[in-house]
Each structure stands twice: as C-alpha cells, then as structure tokens.
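The structure appears below as structure tokens.
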Amino acid sequence: MSDRYAVIGNPIGHSKSPLIHAAFARQTGQDIVYEALLAPLDGFVQAVDALRANGGKGANVTVPFKQEAFNLAVHLSERAKLAQAVNTLIFRADGIHGDNTDGAGLLRDIEVNLAYPLAGKRILLLGAGGAARGVIMPLLAAHPASLTIANRTTSRAHDLALQFGHWGEVSACDYSALDDLPFDVIINATSSSLQNDLPPVPDSIFSGTGLVYDMMYGKEPTLFLCHAAQNGAPCVADGLGMLVEQAAESFYLWRGVRPDTAPVIAQLRSL
Ligand code: ATR
C-alpha cells in the first residue's frame, strides 16, 4: 500500500499541494498518495488522528490550523518553535513531529530561484501576523544588514522586533514612518492581497529596491505587486515559488529525497 499524506485546512478546495506533491512523487519515483482534507474548524485533531489511523505518514497543515498543529506536535524543530506554528507533521513511532518549512521555502525562492542573495541587504517586512513570524528567523539567518518590520498595528511589529532582536539587527515602525527610508528588498507578509487591498505604505519606498516580493500569489499579479511596479520597483515576484519550495522541503523531511522544483513551478505557472 502507498504511504498516505495530506494537506489539512479549511477551506482547502483551492489547494495546489496535491498537484505539487503528485509531481514530486512522479519525478522522484516515490510511491505516495497525497490528498486534500477539509477539517471542520473544531475538528483538526480528529482529522489528524483519522489520517494516522489509516496509514498516514505525515501531513501539511494550512490556514487556520498551523497553531493547533504546533500545540499537537510532541517533538518540535527549532524553526517551528521560533515560528510558533507548524506546517509539516511527520508521524513517527515516538509520536508526532512538527516542523515549519515556510521560511526555508521563502529563502530558497529568493536566493536560489530569483538569484537574489540577502546577505548585507536592507529588508523591509510588511505584516506582523503568523506569516511574518514564520519567516523572520530564516531571513535573519541569511545575514541581512537590517530587518525592519512594519505593520498596521504597530505594537505587533514591536513585539516581534523585541522577540527576534537577539538574532540580528531588527527594528519596528509604522507604515507612515517608512517615507525616505531606503530598502533593498520589500516582502509583503500581510494578508491584504487576499482582500485585494494594499498595506498603506508610502509609494516612495519601491523605486530604490532590488526586489519586491508578495508571499501571496494568484492567477494575476497581486494588487501589491502591480502597485510596486507602477511605482518604480524594477523586479517583483509572487509567492508561487515559495509555495513549491516549502512543499519540497516537506517532501524531503518525509521521503529523504529533494525534488527538482523548477519544472513544477513552471507547470503551475502554465495552468
Ligand atoms: P497570517 O497568519 O496570514 O499572517 P494574521 O496572523 O491574521 O494572518 O495576520 C495578518 C497580517 O496582515 C497582520 O499583519 C495584519 O495587520 P494587523 O496586525 O494590523 O491586523 C495584516 N493585514 C491584514 N489585512 C490588511 C490590510 N488590509 N492592510 C494592511 N495590513 C493588513
């Protein structure tokens, strides 16, 4: 029988993860089945239990269950502890292991796929929710010159800067304070693109950048990326590559094989 895996979320119908993992499995000759599981909002733990009881070897976890997955895992990786969220579960004999591959996925997309090394760069991270928290440590591990966190609710940005300040040059501010501050890289980790909205950053911040990245993606470029390009950003990228890279990192944790992501990203772009 094939080993079973799933992505668990609510909603889940839109998930590209089954397609991505099926492509990885074909490419690497791994005999797995990977499906999308819709869990009721109060039924995440039951969904995990059912998967484990039916031959499941692991799962990806998406909105809104990443914190619950963090609480459920008995063994947590360092990066999951720092993110306080889990997107990858590994079912082992000694219990459920939890990891977080989102930050590694972002880093790989930026530094390898987009060929933009972050060492020495001034990074602006927009947002201070779960998505932002999950990528701060991996960003700092790339040795940027500085990391500035800006958020609509400024206190949340300050809390993150305090927490992560031990690991690098991290500061926080509100959007209005960004005028005239120079940045090499701007990363949108807010969920504003989901509402087809923009974080209220000054238009002036985009023109001096080397890369503007939106962790969201869609069929069309997000409003944020269109706005950045219209205001002089020379290079913009959405989060599709990050999605495929975080999946590849999960696949590696489960199967010990690293898939080639480039053809899978190209396949998704062509859909
Ligand atoms: P996620 O897990 O996706 O990060 P979250 O923890 O709810 O979700 O955080 C959402 C983030 O997007 C927050 O930084 C939020 O800003 P606030 O902390 O001020 O709420 C930000 N956000 C959501 N919608 C936004 C909008 N329309 N404009 C600006 N920021 C927005």
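The values are calculated or read from the model by the stated rules, or taken from the named source; none is laboratory data. Please read all numbers here as calculations on a predicted model, not as lab measurements. Heads up, the Cβs are rebuilt from the backbone with ideal geometry, glycines too, and the neighbour counts pull from every protein chain shown. Note: areas computed on protein heavy atoms with side chains; ligands, DNA, RNA excluded. Shrake-Rupley method; radii C 1.70, N 1.55, O 1.52, S 1.80 Å.
Here are the numbers for this structure:
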| quantity | calculated |
| --- | --- |
| Residues of the stretch 96-133 classified as free of Cβ contacts under 8 Å to residues at least 60 places away in the same chain, part of a helix (DSSP H, G or I) and within 16 Å of the ligand (Cβ to nearest atom), total | 3 |
| Residue under evaluation residue 90, criteria (1) closer than 20 Å to residue 216 by Cβ; (2) away from the ligand (no atom under 13 Å from the Cβ); (3) of a type in the set (A, V, I, L, M), criterion not met | (1) |
| Some residue of the stretch 163-175 being assigned by TED's automatic domain parsing to the domain that holds residue 129, under 22 Å from the mean Cα position of the chain (by Cα), open to solvent by less than 10 Å² (accessible area, probe 1.4 Å) and modelled with pLDDT of 95 or more | yes |
| Subset of the stretch 6-38 that is free of Cβ contacts under 8 Å to residues at least 60 places away in the same chain, farther than 17 Å from residue 57 by Cα and hydrophobic (A, V, I, L, M, F, W, C) - its residue that is surrounded by the most Cβ atoms within 10 Å (Cβ to Cβ) | 12 |
| Criterion (touching a residue at least 60 places away in the same chain (Cβ under 8 Å), of a type in the set (D, E, K, R), open to solvent by 10 Å² or more (accessible area, probe 1.4 Å) and in a helix (DSSP H, G or I)) met by exactly one of 249, 245 | 249 |
| Condition met for residue 63 (modelled with pLDDT under 95 and outside the structural domain of residue 140 (by TED's automatic domain parsing)) | yes |
| Number of positions in the stretch 78-95 that are outside any helix (DSSP H, G or I) and acidic (Asp, Glu) | 1 |
| The lone exception for residue 223 - which of (1) within 14 Å of the ligand (Cβ to nearest atom); (2) touching a strand residue (DSSP E or B) at 6+ places or on another chain (Cβ under 8 Å); (3) of a type outside the set (S, T, N, Q); (4) open to solvent by 20 Å² or more (accessible area, probe 1.4 Å) it fails | (2) |
| Hits in the stretch 179-210 - residues which are aliphatic (A, V, I, L, M) and crowded, with 21+ Cβ neighbours inside 10 Å | 185, 186, 187, 189, 201, 205 |
| Condition broken by residue 259, with the remaining ones in (1) open to solvent by 50 Å² or more (accessible area, probe 1.4 Å); (2) closer than 30 Å to residue 30 by Cβ; (3) assigned to a loop (DSSP other than H, G, I, E, B) satisfied | (1) |
